[in-house]
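Quick notes on the structure that follows.
Here, each number is a calculation from the coordinates, and none is a lab measurement. The structure displayed is predicted, hence computed values, not measured ones. Positions of Cβ are generated from backbone atoms using ideal geometry, with glycine treated the same way; all protein chains shown enter the neighbour counts.
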Amino acid sequence: MTTEKITPIFAEGRIHFGTLSVPRNPDRALEWWSYCDMVGIPSREFDAAFKWYFNAAKQGVASAQAIIGLLYAGGRDVQYEAALKWYTRAADQGNVTAAERLGIMYHYGRGVPRDKETALKWYTQAAELGGFSEKFNLAKMCRDGEGVPQDKVAALKWYTRAAYQGSVMAAERLGWMYCKGLGVPQDLVRGAMWLNIAGLSVECCSFAKDMTPAEIEKAKKLATEWDKKH
């Protein structure tokens with residue numbers, strides 16, 4: 001099917017879901033589906049929307065495949081096997097949402113046996129392709145050993161990448177990891193720099209008493225320079 005024929009399919013689906021952002025945000029599609037179900041909008045609206053997205057999914061459109069996966073995994077009639085199929089097709093084309101949802105399925109054993117290695121594979125793909133949110137989530141999982149093997153070095157890497165994409169929370173986590181020597185040799189100046197980037201006052205932190213005034217000023221200077229570059 002040509003792009004010209006696929007585009008109306010998305011347009012019709014967007015109309016039925018009531019938001020023009022759905023193709024770029026499959027989670028939002030599921031939110032609308034759940035909302036419509038709650039307030040009692042006729043099922044024919046769901047059927048129409050599903051029809052258009054399903055048609056696009058069959059033509060290989062990754063974002064539509066991800067939406068169909070979401071609807072199978074969280075709709076009225078949950079069908080994990082179908083969700084797995086469509087998530088996999090979308091993720092194989094580089095869809096971030098589908099990759100992250102596959103990670104969740106294997107992480108929690110939803111419709112598949114729990115498998116930490118496979119969950120990590122999909123979470124990592126989502127983090128590689130996605131924004132700072134996916135990177136932050138994977139970093140937290142690696143730090144805590146939640147659903148994946150605990151790996152503080154990997155956590156540091158993903159927090160760093162998330163921070164460079166603008167995550168303030170990742171910058172704060174990085175600061176504490178450097179200050180405590182988690183996954184990296186302890187470096188109070190580097191830690192104070194990241195905390196300062198995250199908007200925290202270095203002087204108010206418990207470790208400030210272990211730093212000289214010159215070290216604190218150096219950390220602030222590094223944070224200022226980082227902010228100018230990013």
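Here are the numbers for the structure shown:
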{"quantity": "Too-long pairs where the Cα-Cα distance tops 20 Å, listed order kept, from K121/K152; K180/K209; K58/K116; K85/K135", "calculated": "K58/K116; K85/K135"}
{"quantity": "Spatial separation of Cα centroids for segment 100-115 and segment 160-230, in angstrom", "calculated": "35"}
{"quantity": "Three-way shape call for segment 98-161 based on the alpha-carbon gyration tensor, with the a/c threshold at 1.5", "calculated": "oblate"}
{"quantity": "Prolate/oblate/rounded label for segment 129-228 (Cα gyration tensor, a/c 1.5)", "calculated": "oblate"}
{"quantity": "Packing-based ranking, highest mean first, of 90-100, 128-138, 106-116 given that Cβ atoms within 10 Å are counted", "calculated": "90-100, 128-138, 106-116"}
{"quantity": "Near-label residues of segment 59-82 by backbone N, under 11 Å of a point 7 Å along Cα→Cβ of R110", "calculated": "70-75, 79-80"}
{"quantity": "Extension reserve of the H230-S201 stretch, reckoned as 0.36 nm per residue once the Cα distance is removed", "calculated": "8.5 nm"}
{"quantity": "Highest-first arrangement of 77-88, 62-73, where packing means the average Cβ count within 10 Å", "calculated": "62-73, 77-88"}
